[in-house]
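Since the structure comes first, as structure tokens, the remarks are kept for the end.
Here, each number is a calculation from the coordinates, and none is a lab measurement. Note that this is a predicted model, so its numbers are computed, not measured. Cβ placement follows ideal geometry from the backbone for every residue including glycine, while neighbour counts extend to all protein chains displayed.
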Amino acid sequence: MSAPAKTSAVPATAGERRGSRRRKGIAGNALWFWIFVGPFVIGLLIFSYLPIIWSLVLSFFEAYNTATPSKFVGLHNYVDMLTDHNFLSSLGTFTIFAVFIVPLTFVLALALALLVNQVKIARAFFRSVFFLPTACSYVVASLIWKLSIFNGVRFGLANTVLGWFGIENIAWLSTVDPPWYWIPLVTVRLWLQLGFYMILFIAGLQRISPTLYEAAYVDGAKPGWQVFRYITLPQLRATSVAVLILNLIAAYQAFDEFYNLVGNVNYARPPLVYLYGISLGSIQDLGHGSAGALILAVIIMLVTLLQNRIFGFGKAGD
Amino acid sequence: MPAHVPNAGLTRRDLLKRTGGLAALAAFTAACGGNTGRPSSGGGGGGTKVNLSQWYHQYGETGTQQAALKYAKAYTDANVAVQWTPGDYGAKLSSGLLSSKGPDVFESQFNIGMVKSNQVVALDDIIADVKDDFLPGDLATNTIDGKIYGIRMIIDPQVIYYRKSMLDKAGIKPPETVDDLIAASKELTTNKVKGMFVGNDGGNGMGGPALWSSGGSYLTEDNKPGFTGDRAAKAFGKLHELYASKSILLGAPTDWWDPTAINQGLVAMQWIGMWAVPGMQKVLGDDIGVIPFPKLDAEGKPAVYSGGWTQFVSAKSANVDAAKKFVKWLWIDKSEYQEDWSLNYGFHIPPRKSLAAKASKLQSGVAADTVKLNEDYGHTDNPAWTPKMGTAFTDLLTNCIKKGADPAAEIAKAEKTVNAELSRLFG
Amino acid sequence: MAVSERTTGTPQPIGFSRSTWGRVGLVLRWIALFVAVVLFLIPFYLILRNALSTEQDITAPDWTLFPSHLQWSNISELFNDTTVPMARAMYNSAVVAILGTAGQLLLASMAGYGLARIPYRHADKVFYAIVATLMIPGAVTFIPSFIVVSSLGWVSSLRGLIIPTLFSGFAAFLFRQYFLGFPKELEEAARVDGAGYFGVFWRIVVPNSLPFFAALAAITFIGNWNSFLWPLVIGQDSSSWTIQVAMSTFITAQTINIHELFMAVAVSILPLVLIFAFLQRYLIQGVTQSGIKD
């Protein structure tokens, strides 16, 4: 046993000793705490808190082409944004998008996880194939989708395939009626993110104890749907909730593929693209932009909380 | 304020994106201005040259970037760093002007917001001597409250070019009304060729010209919305009719400002600017004709969007005087460079009457026809038309053209936004 | 029947039987799997095909399955194209991804350790202040963040690209949770040897947590390499573009041929494909850990 570094010469009572060490320790601890945590907190103050506060301030001012405005307008910007049919319709666009993308991602990612999880050969290969798109950025995927798969002329892959069946070229990203543009927009996101959620589901599946299944068989549960419905799905509850929430937040913040595939068009414009356009595009209206961003933030927080309430996120920790 | 000419806030945005040629390397040396930016005493005293940064959008035509660099290098009174910007120049420029690393000198299109938020300085002193050499419209488009804020660099008429051979073969005369245009586009469509290319957005770029062809305008003389009323609604409806006729090319890899579609024989007609004439002539030779956007009907009048680019000096520049000196040198004094810029890459009309008069390349063939159309039917930008109004107008067009929405209802929506902007600007 | 089921092997989330219907189901599942594989691989096939084709091959009216002559010269064409700053963009992306990842892990791990292990009266408040930032979706604050960064004069600079992204409340949160579960005995042994917090952290905790660091590093690196909105806002000047911004710019600005653009795509995903090939284990851990919050 190595001797403690500092043994006090005068023996003291245990209580005294501990007390003095603790007092000294507290001062030292505070210092060490801030050495460890301080740099991070300072950065957070500058790059998270300051922007949020600044944004709050801007949202009460008329701020065209300036970040240091002088004309206070009260709640005017908020009223404008909440009555701005473009902003409202961009929120609507998001809702439509979420309605498509969230359940689709959920079901397909779970299906992939189940398929991969039950193959016995080359499982790593299959998993890698579905996971690999996660390596691609939205820009990369948009580029492939726009220039090679879903372009409107004869050398696009989708039109080539349709051509084999004698179907005329479709201008995928330009056609509003019927709204073909949703096909590229939805598929690009599915391709990019299914693998990610599949991994989450696989991890969830592997945490399910085999004894549960055995017990179910003993009890005479029919293999297939019944087992899935009464064993697998309930056991995946925590994973499912996480997937839903991550997915929904991600859908709210959609920007990259919309910006790159269709640009700032009013029929498929998620809130962030609209806000980008009015605050950092050629308009530079930072007052309305900030108000809109804060409204969006509040909506996202409310939806997240609501979802937590409904699904009881965190109840079944796994 | 002479608010006599309507403008195309929306085509401006598209114009910003028109491209096709070269990209950038230019590292630029930032002028060290504070965020609040104060006008400063010209060059820094003791013999050292000041640094200026000059921003361009990306011109599509080969050689333009080298030319811009050449001019900058030839200037001896300051070190001028050229920044060449592909992509969304409008967004890059406006956030650049917001930050402390923006340009000292830049090209753009003028609107009253730039003055209201103190982004640009008046240039009356450097233009005074040659003011009469500019066309009134090109001065008015850069004037607010009697002050001139920008020096027009080039004029870019936007019109419809067509393949003469294709129209002849189909026995069609160049369209004279919008209905003719729609009929021609349909007739020229085969299973290999579409009648017309108006942009992948379905023809938003022709919104302004369609409005003018009906007799309307973006804003009236006394700054009221000028795009309301039945005739404007009818014009927007016609654009939808064209879009819905299944005779226009959509989803092309290049957009309307690039001549690839007409050059490759994908279409018989294309909405595009005069800048593309050399590029089209190289491929198609003499097989090109030109028409303005046709009149809506017997009561209407053909229209040409007389777009272009203008040089400005940033009010945030730390060296406003040096920047003004440079602008005067390049865009007022050095006529050989102005000539080079207008004629040796793409074709643009030089805004100086003296230069336009001796521009021999623009005095024959389809270029001469385009210049004539621009003189007869050209409309320049109205500086009171702000980007926000432009966005509202674009939304109106998208809804009418692509969704087939009721023009009257869409007009009402856009009118609301435009009126709010007008009352913000003019009280 | 149930009994015979149990002998067929490991129980499965969806059990399947050896009956006729079970066999049909099995075949259907394999078909589904293969269809999915093909669909997922199509985009990669297109990247390779287009990157190695001539422009004529790509735009030809008839589909060429794969170029008969592989155009490896497209690589040199891309990097020798003086009008397209691709090499510079790759360099910027590499710097942003590497420094960004290292910085974020360093700051977040230290903060997480401090929060988990150093007793301090206000530690809870600090922790809540950090967690509160998780409530605000990052993408929503890009406008004010841009303003802050621009008043620091960091627009169009690597500083502006990297520094504001370093302070991830989520990473700090994950590290705290992880360090709470770190075996105390290891640390106490070092303590007894006279090491302070700093020594314990660097000599004991970090070396024993490398798999966790690797997992977060892999996922952070990918996020940084692929991030788009912030570099788009900050990179006004082409010398500060990342590879994502450069590619996005050239989708709309037709200054570059399709084959060159696809070569750029191929080059841009190469570093990540390598990570996938060699570090997939960590990556999967990273996904699992960052996906499930508690």
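Okay, here's what the table says:
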{"read-out": "Cα→Cβ-extended label distance, 7 Å offset, between residue A:222 and residue C:24, nm", "value": "1.3 nm"}
{"read-out": "Per-residue [θ]222 nm for the protein assembly as shown (sum of -39500 (n - 2.57) over DSSP H runs n ≥ 4, rounded to 500)", "value": "-17000 deg cm²/dmol"}
{"read-out": "Degrees, to the nearest 10: B:178-188 long Cα axis against longest axis of chain B", "value": "70 degrees"}
{"read-out": "Positive minus negative residues near residue C:158 (Lys, Arg vs Asp, Glu; Cβ under 15 Å)", "value": "+2"}
{"read-out": "Nearest-20 debye value, chain B charge dipole, Cβ charges on Lys, Arg, Asp, Glu", "value": "840 debye"}
{"read-out": "Likely footprinting exposure, B:388, B:325, fewest C-beta neighbours within 10 Å first", "value": "B:325, B:388"}
{"read-out": "Segments B:134-141, B:216-223 sorted - mean Cβ within 10 Å per residue, highest first", "value": "B:134-141, B:216-223"}
{"read-out": "Sorted peptide list for B:369-377, C:205-213, B:258-266, criterion being average Cβ within 10 angstrom, highest first", "value": "B:258-266, B:369-377, C:205-213"}
{"read-out": "Relative contact order of the range C:79-291, defined on C-alpha pairs under 8 angstrom at six or more residues apart (%)", "value": "35 percent"}
{"read-out": "Shielding score for A:213-224, defined as the mean number of other chain Cβ atoms within 10 Å", "value": "5"}
{"read-out": "B:326, C:228 arranged by Cβ crowding within 10 Å, fewest neighbours leading", "value": "C:228, B:326"}
{"read-out": "Leading residue at positive end of dipole, the range C:12-148 (Cβ point charges), from C:129, C:27, C:60", "value": "C:129"}
{"read-out": "Inter-chain Cβ neighbour average for residues C:268-276, partner chain, 10 Å", "value": "3"}
{"read-out": "Residues residue C:132 and residue A:106, FRET efficiency given R0 of 25 Å [Cβ-Cβ distance, rounded to 0.05]", "value": "0.35"}
{"read-out": "Pairwise FRET efficiency - residue C:106 versus residue B:264, Cβ, R0 = 60 Å, nearest 0.05", "value": "0.65"}
{"read-out": "Relative contact order (%) - criterion: Cα under 8 Å, at least six apart; region: chain A", "value": "25 percent"}
{"read-out": "Charge dipole (chain A, unit charges on Cβ, about Cα centre) - positive-most of A:252, A:75, A:218", "value": "A:218"}
{"read-out": "Residue order, fewest to most surrounding Cβ atoms within 10 angstrom, among B:332, C:258", "value": "B:332, C:258"}
{"read-out": "Contour excess over end-to-end distance, with Cα ends at residue C:195 and residue C:274 and 0.36 nm allotted per residue", "value": "24.6 nm"}
